[in-house]
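Below is one structure, written out as structure tokens, with a few remarks after it.
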Amino acid sequence: MNMKLETLPPYRIVFTRQVGPYGDGNRKTMEEIKNWAKEKQWLTSAVFLGIAQDNPETTKPEQCRFDACLVVPNDYQMPREEGFYEVTLPGGLYLVFQVQHTKEALQKAWTEIFPAVYQNGYEVDSKPVIERYTGESGKDDICELCVPVK
């Protein structure tokens with residue numbers, strides 16, 4: 001698993017949220033944001049983010065929140081659309097882990113990234129971990145797990 005230190009800029013995002021057990025619902029929610037991006041003709045340069053807002057080890061599965069996000073230009077005028085929201089994620093220092101975009105590789109990475117953070121002398125910051133996907137339609141074979149550190 002490749003790792004690098006990166007300073008992420010603040011991201012202005014549009015997101016839609018899924019509440020319930022992580023898994024298939026997350027994929028469906030990501031498809032919703034991809035379809036929204038397709039309508040705006042932004043797929044070729046899209047940056048998609050996935051943010052699991054809760055730890056499934058401490059939050060009941062039916063209460064876990066997952067946000068599927070699209071980074072949008074700062075000058076974009078967000079219309080009111082039901083189920084889509086806008087926010088700016090703070091930037092900052094992140095350890096970025098490149099992981100194969102498969103269920104097995106991601107599950108394994110989630111167990112390895114936090115020990116790797118501490119082994120490299122960092123602490124996890126209080127911001128959420130971000131899954132970042134780039135490329136046309138976010139269909140890269142690579143997922144970047146971005147862990148906020150201090």
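For segment 55-80, give me the residue count where each residue is more than 13 Å from the chain's Cα centre (by Cα) and surrounded by fewer than 17 Cβ atoms within 10 Å (Cβ to Cβ).
The first filter runs over segment 55-80 and keeps only residues more than 13 Å from the chain's Cα centre (by Cα), leaving 55-64, 72-80.
So of that shortlist, the ones also surrounded by fewer than 17 Cβ atoms within 10 Å (Cβ to Cβ) come out as 55-63, 73-80.
Residues that pass the stated criteria total 17.
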Condition broken by THR88, with the remaining ones in (1) touching a Lys or Arg at 6+ places or on another chain (Cβ under 7 Å); (2) open to solvent by less than 50 Å² (accessible area, probe 1.4 Å); (3) of a type outside the set (A, V, I, L, M) satisfied: (2)
- prompt: Could we say that VAL87 is farther than 19 Å from LEU43 by Cβ and touching a Leu at 6+ places or on another chain (Cβ under 7 Å) here?
  reply: no
- request: Return the total of residues in segment 20-30 being part of a helix (DSSP H, G or I), touching a residue at least 24 places away in the same chain (Cβ under 8 Å) and surrounded by fewer than 18 Cβ atoms within 10 Å (Cβ to Cβ).
  value: 1
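Kindly check whether there is at least one residue in segment 7-19 that is touching a Cys at 6+ places or on another chain (Cβ under 9 Å), of a type outside the set (A, V, I, L, M), under 20 Å from GLN107 (Cα atoms) and part of a loop (DSSP other than H, G, I, E, B).
Residues of segment 7-19 touching a Cys at 6+ places or on another chain (Cβ under 9 Å): 8, 11, 13-16, 18-19.
Next, only the ones that are of a type outside the set (A, V, I, L, M) stay: 11, 15-16, 18.
Next, only the ones that are under 20 Å from GLN107 (Cα atoms) stay: 18.
Add one more test, that the residue is part of a loop (DSSP other than H, G, I, E, B), and what stays is none.
No, every residue in segment 7-19 fails to be touching a Cys at 6+ places or on another chain (Cβ under 9 Å), of a type outside the set (A, V, I, L, M), under 20 Å from GLN107 (Cα atoms) and part of a loop (DSSP other than H, G, I, E, B).
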statement: Of the residues in segment 31-69, those that are part of a helix (DSSP H, G or I) and closer than 13 Å to TYR133 by Cβ come to GLU31, ILE33, LYS34, ALA37, LEU43, SER45
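Here are PHE114, PHE48: which of them is out of contact with any helix residue (DSSP H, G or I) (no Cβ under 8 Å at 6 or more places or on another chain), closer than 24 Å to MET1 by Cβ, open to solvent by less than 70 Å² (accessible area, probe 1.4 Å) and aromatic (Phe, Trp, Tyr)?
Numbers: PHE48 fails: out of contact with any helix residue (DSSP H, G or I) (no Cβ under 8 Å at 6 or more places or on another chain).
Going through PHE114, PHE48 in turn, just one is out of contact with any helix residue (DSSP H, G or I) (no Cβ under 8 Å at 6 or more places or on another chain), closer than 24 Å to MET1 by Cβ, open to solvent by less than 70 Å² (accessible area, probe 1.4 Å) and aromatic (Phe, Trp, Tyr): PHE114.
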Restricting segment 117-150 to residues that are touching a helix residue (DSSP H, G or I) at 6+ places or on another chain (Cβ under 8 Å) and more than 19 Å from GLY23 (Cα to Cα), the residue that is modelled with the lowest pLDDT: SER137
query: Under 6 Å by Cβ, and 6 or more places apart or on different chains, what pairs join a residue from segment 71-100 that is touching a residue at least 60 places away in the same chain (Cβ under 8 Å) and in a loop (DSSP other than H, G, I, E, B) with one that is open to solvent by less than 50 Å² (accessible area, probe 1.4 Å) and among the hydrophobic types (A, V, I, L, M, F, W, C)?
result: VAL72/VAL14; PHE84/VAL14; GLY91/LEU8
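The values are calculated or read from the model by the stated rules, or taken from the named source; none is laboratory data. It should be emphasised that the depicted structure is a prediction, and the values quoted were computed from it without experimental measurement. Neighbour counts run over all protein chains shown; Cβ positions are idealised from the backbone, glycine included. Surface accessibility is based on the protein's heavy atoms, side chains included, excluding ligands, DNA and RNA. Shrake-Rupley method; radii C 1.70, N 1.55, O 1.52, S 1.80 Å.
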